[in-house]
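Since every read-out is calculated from the coordinates, none of them should be taken as a lab result. Treat the numbers as computed from the prediction; the structure is a model and nothing was measured. Cβ placement follows ideal geometry from the backbone for every residue including glycine, while neighbour counts extend to all protein chains displayed.
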């Protein structure tokens, strides 16, 4: 993969706290609840092995859409996404996740079947757990086979997942 600069910025004071955002020239690369820019930059460097540059102007479009979504004013993101930074299976699983409509849920098994790998529910779960763009790629909409909420690494964990689904009006078991 050719070198791509990751441009970093922050959106503050959302209902879920501050969010760090990274974009490339091709689109969104990461959204994170990390507290410090240095921590986020170190994560990006480890994860993507690309140069990182602080540039809030480059992340302003993504930041505005995240604020609108968290305020209940946006149901669909139109931010370009840089899918090239993801490994092939994760890209496949997260593209299926990205297609889950606002206010609806899907199980790990349903997503595995949707991508033609019906026995790969655990692998789909791993792809969700390492989703670098939570909220935009709505891994919070993925639930267990029993209809219950399962792990969520963003914000305050399951409480954040529950808040997001409630905000979207999803029906939970």
Within the range 76-96, name every residue whose backbone N is under 11 Å away from a label modeled 7 Å from Cα of residue 61 along the Cβ vector. 78-81
Rounded to the nearest 0.05, what FRET efficiency is calculated for residue 171 and residue 84 with R0 set to 35 Å and r the Cβ-Cβ distance? 0.50
Checked the chain against the a/c 1.5 cut and the a/b vs b/c comparison, axes a ≥ b ≥ c from its Cα gyration tensor; verdict oblate
So for the pair residue 158, residue 2, with labels modelled 7 Å out along Cα→Cβ, what separation do we get in nm? 4.6 nm
Global geometry of the range 60-103, whether rounded, prolate or oblate, following the gyration tensor of its Cα atoms and the 1.5 cut on a/c: oblate
At a Förster distance of 22 Å, what's the computed FRET efficiency of residue 25 paired with residue 130, Cβ-Cβ distance as r, to 0.05? 0.40
Any idea what Rg and Dmax come out to for the range 86-168 if you just take the C-alpha atoms, in Å? 11.5, 32
